[in-house]
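The block underneath contains the structure these notes are about, expressed in structure tokens.
The values are calculated or read from the model by the stated rules, or taken from the named source; none is laboratory data. For clarity, every value in this text was computed on a predicted model and none was experimentally measured. Note that we place each Cβ from the backbone using ideal geometry, even for glycine, and neighbour counts take in every protein chain shown. Only protein heavy atoms, including side chains, enter the accessible area calculation; ligands, DNA and RNA are left aside. Shrake-Rupley method; radii C 1.70, N 1.55, O 1.52, S 1.80 Å.
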Amino acid sequence: MLTQPQLETRNWVNTRNTALSSLSHADAALLAPHLQLVELPRDHRLERKGRPCEYVYFIDRGAACVFSEDLGGQGVEVGMVGREGIVGVAALLGAKQHAYDTQMLAPGAARRAPISAVREAMDDSPSLRRVLNGYVRRFLLQTMRTAQVNARATLEMRLARWLLMMHDRVDGDEHHMTHERLASVLGVRRAGVSVAAKKLERADIVLLHRGSIVIRDRAQLEESSGGTYGASDRLARAAAM
């Protein structure tokens, strides 16, 4: 006969989230009673700058982007989270308030838990703490890579990398994203995004529809990234396979 923690764990044992699926049964049982499945529509805010840290989100479907306010007061994407990871890295490290905004760019779902419950479970289990801190380290590597790419790469390379990262996290080859929204995410002018996207389309790498981009040749898209899509980015791809 299954114990109560085992019965609770059964509710999410088939999760696609890598962090949750990699937990031992004992660690899963610590989190299971606190997890709630929530639907996350496009543009839903998971974290708001200056607001108290309340929840940690283990993404099952969709993709969330972390935005850091730039010098012009607009949000620029500095990190992306999908089914390979967790929204709430700062909270896991002990932050009381959010220093940035995190928003769903591709709709999906997640299992969320109060940060207080997750921190308590981490205190009780060194193995759980290692798993969650391992993701924190990987996310920090991704954000450092993004900073490097934003400073050194061409817009076409940055766009190719961003599309690859989204492709890793969202099922299918079509991504609903207008050029205006892409320009905001990348912190550039819309005209620049349109030129870069058109160049990829002329090379038959992507197909542009009104309000969406379809990836036709992933291998060539990686080539177009000019090496900006690195080892730390490929971890999400591995998690999806």
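Seen from LEU182, the other residues with C-beta closer than 12 Å to its C-beta sum to a net charge of +2, counting Lys and Arg as +1 and Asp and Glu as -1. Placing unit charges on the Cβ atoms of the charged side chains and taking the dipole of the chain about its Cα centre, the candidate lying farthest along the positive direction among MET122, GLY192, CYS53 is GLY192.
Taking a ≥ b ≥ c as the square roots of the eigenvalues of the Cα gyration tensor of the range 74-125, is the shape rounded (a/c under 1.5), prolate (a/b larger than b/c) or oblate? The shape class here is oblate.
From most to least packed by mean Cβ count within 10 Å, the peptides 106-113, 51-58 give 106-113, 51-58.
Other residues within the sphere of radius under 13 Å centred on the Cβ of THR154, judged by their own Cβ, net out at +3 (K and R +1, D and E -1). Using a probe radius of 1.4 angstrom, the carbon and sulfur fraction of the accessible surface of the range 162-223 is 46%.
Indicate the gyration tensor shape class of the range 46-114 (rounded, prolate or oblate), computed on the Cα atoms with a ≥ b ≥ c the square roots of the eigenvalues: a/c under 1.5 is rounded; otherwise a/b larger than b/c is prolate and the rest oblate. Note, shape of the range 46-114 comes out oblate. Under the classification rounded if a/c is under 1.5, otherwise prolate if a/b is larger than b/c and oblate if not, where does the range 123-174 fall, given a ≥ b ≥ c as square roots of the Cα gyration tensor eigenvalues? Oblate, since a/c reaches 1.5 and b/c is not below a/b.
Relative to the Cα centre, what is the charge dipole magnitude of the range 79-142, using +1 at the beta carbon of each Lys and Arg, -1 at the beta carbon of each Asp and Glu, and rounding to the nearest 20 debye?
Using Cβ point charges on Lys, Arg, Asp and Glu, the range 79-142 gives about 120 debye.
In the chain, a dipole from Cβ-located charges (positive for Lys and Arg, negative for Asp and Glu) runs towards its positive end, and of HIS175, THR15, LEU37 it is HIS175 whose Cα lies farthest in that direction. Counting only residues at least eight positions apart within a chain, or on another chain, the lysines with an alpha carbon under 21 Å from that of LYS49 are LYS96.
Each of LEU207 and VAL136 was given a label point 7 Å from its Cα along the Cα-to-Cβ line. The distance between the two points is 4.5 nm. Farthest toward the positive end of the dipole of the chain, out of THR143, ALA26, ALA64, is the Cα of THR143, where the dipole comes from beta carbon charges about the Cα centre.
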